[in-house]
There are 2 protein chains.
Amino acid sequence: MSRGPSQRSRRLEAYQAVRRRIIGLDLAPGAALSENELAEQFGLSRTPVREALILLADEGLVQVFPKIGSFVARVDPGRVADAQFLREAVEMAGLESLTQSELDPEQVEALRQNLAAQEAPGLDLETFFGLDEEFHRLLLALSGHAGSWPAVATAKGHLDRARMLALRSDRPLQVYVREHRGIFEAALTGRAELAQDRLRSHLRTVFSDIEDIRRERPELFASDPDAVPTRKTVAVWG
Amino acid sequence: MSRGPSQRSRRLEAYQAVRRRIIGLDLAPGAALSENELAEQFGLSRTPVREALILLADEGLVQVFPKIGSFVARVDPGRVADAQFLREAVEMAGLESLTQSELDPEQVEALRQNLAAQEAPGLDLETFFGLDEEFHRLLLALSGHAGSWPAVATAKGHLDRARMLALRSDRPLQVYVREHRGIFEAALTGRAELAQDRLRSHLRTVFSDIEDIRRERPELFASDPDAVPTRKTVAVWG
DNA sequence: TGTGTTGATCTTGTATGGAAGAAGTTATAT
DNA sequence: ATATAACTTCTTCCATACAAGATCAACACA
């Protein structure tokens, strides 16, 4: 499964840790990062941290301004819309190329177990997000296009972060789980068009949640994506 | 247009230079890279070269094996197929969301000029590839989804490299240009479905070229994507 | 001839030390 | 009081040194 070397380098640790904290909003949009500070937190040198930040910048989750600083990218509505577009395009195309005959029983079983896990009572948010991620990855794999997942996952990162802002909306997670099951059932029984309709509806439900929160709390979104931040010296109790 | 800082750092120089050489097959699939060697060639230190290689590895054009070496990724048919799938999904979705009313005159004009340049006689290959890239980027921008271009461009990189292997097939470039114009005309006149049909046909023409060369020269493709290379000491005239 | 062993020489991964610039603070001059 | 210059402190970028492993050449030895 793993392509390339799977050695868990310190760079990878830093990358995954920072990424998770960005998407989980533990690192707020617009927050200042610092190679030095992060290196100290993780107990390693600047090099692997810096390399992780370069990857995150390439992914669009971090903005680096030379000689000024690195910052958690603010939630850019345009970028979120782009992510939604790419994700929808790829996942829909996956379902479109689906025919019942070629379904891999192992993958089907993995999807079943995933859905069962999603329906467990009292699921905490982080676990659900992990299962959600796995569900969509497996769904894409069902059509034999798992290789395109990394690109979708990158887009999904931007969407999930925006979604986290909206998650205080009182929509229970069970709604999403029901949608997941509906997509799965349609795909399983060869009704590709129905699966597509349900998937599109599902993805847009998520997207509309994001637009809701944007109306409610516009200050969390970037008004000008090209604005350049400035550093400020802040007095802190020593 | 540029998102983020546009300073042309040495890392970016190295990244672009190596990437171009990989896609242009100046660096053969499977060829050993070396941070030290590349750094010396470019006249800079290992650090920016290494950072460029990390990005290229993330993109799938380079494979890094710790303590062993870095290598130009071999042409993996599975990865090429994945790239084709993603590219087709996104570009087709772009055309699908096209309606004549919202076409930006500036972008239309840019496409016109691009096509005119493609039709210039005696075009060399590198120039054509640049124009081809710009054409597809503009086409995606026409539907307001230019933000998804980087993901498509990454996929296109893998396709272009495989295509370079096939380019000795005697298909004249004019065939591609005519297809481009056909797509453009259909999109311009609001016939989105026709544009989609033509785009799909166009993209698959390119893909079938790749499959042709795979049949003819299978040794250029990776037989086992997970194989690990070993270093060899080679005697060289000093 | 065959076999283990040591060392030389590669590789990438990580740590560290400036270099150059940006911005705030302070001192100084008018 | 106000403007201006020097300084302090931060940042990222790049260069360099070291660490640890992988491979091969050479050599000792049976």
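Of note:
- Note on B:Lys156, A:Lys67: ascending count of other Cβ atoms within 10 Å places them as A:Lys67, B:Lys156, the fewest first.
- For chain B, diffusion coefficient by Stokes-Einstein and Kirkwood Rh (Cα), 20 °C, 1.002 mPa s, µm²/s: 110
- Here is how the number arises for chain A: DSSP H runs of 4 or more residues each give -39500 (n - 2.57), the sum is divided by the residue count, and the result at 222 nm is -20500 deg cm²/dmol.
- Region B:77-218 - percent relative contact order, Cα under 8 Å, separation 6 or more: 36
- Relative contact order [Cα under 8 Å, 6+ residues apart], chain B, whole percent: 24
- Residue among B:Arg20, B:Arg137, B:Arg161 with the largest mean-square fluctuation in a Gaussian network model of chain B, springs linking Cα atoms under 10 Å: B:Arg20
- With the highest mean first, a sort of the peptides B:76-85, B:37-46, A:24-33 on other beta-carbon atoms found within 10 angstrom per residue produces B:76-85, A:24-33, B:37-46.
- Per-residue average of Cβ from other chains inside 10 Å of A:77-87: 4
- For B:Phe65, the residues whose modelled amide H falls within less than 5 Å of its own, excluding neighbours fewer than 5 places apart on the same chain, are B:Ser70, B:Phe71.
- Inverse mean reciprocal Cα-Cα distance (Kirkwood Rh) of region B:77-218, Å: 15.3
- Taking every residue in A:48-60 and counting other chain Cβ atoms within 10 Å of its Cβ, the average works out to 3.
- Under the span-like rule (Cα at least 15 Å along the axis, Kyte-Doolittle mean at least 0.0), DSSP H helices of chain A: A:46-59, A:125-142, A:173-188
- Taken residue by residue and averaged, Cβ atoms of other chains lying within 10 Å of the Cβ of B:147-156 number 5.
- Region B:10-74: C-alpha gyration tensor shape, a/c 1.5 cut-off, then a/b vs b/c: rounded
Values in this text are rule-based calculations from the coordinates and carry no lab data. For clarity, every value in this text was computed on a predicted model and none was experimentally measured. Virtual Cβ from ideal backbone geometry, glycine too; neighbours counted across all protein chains shown.
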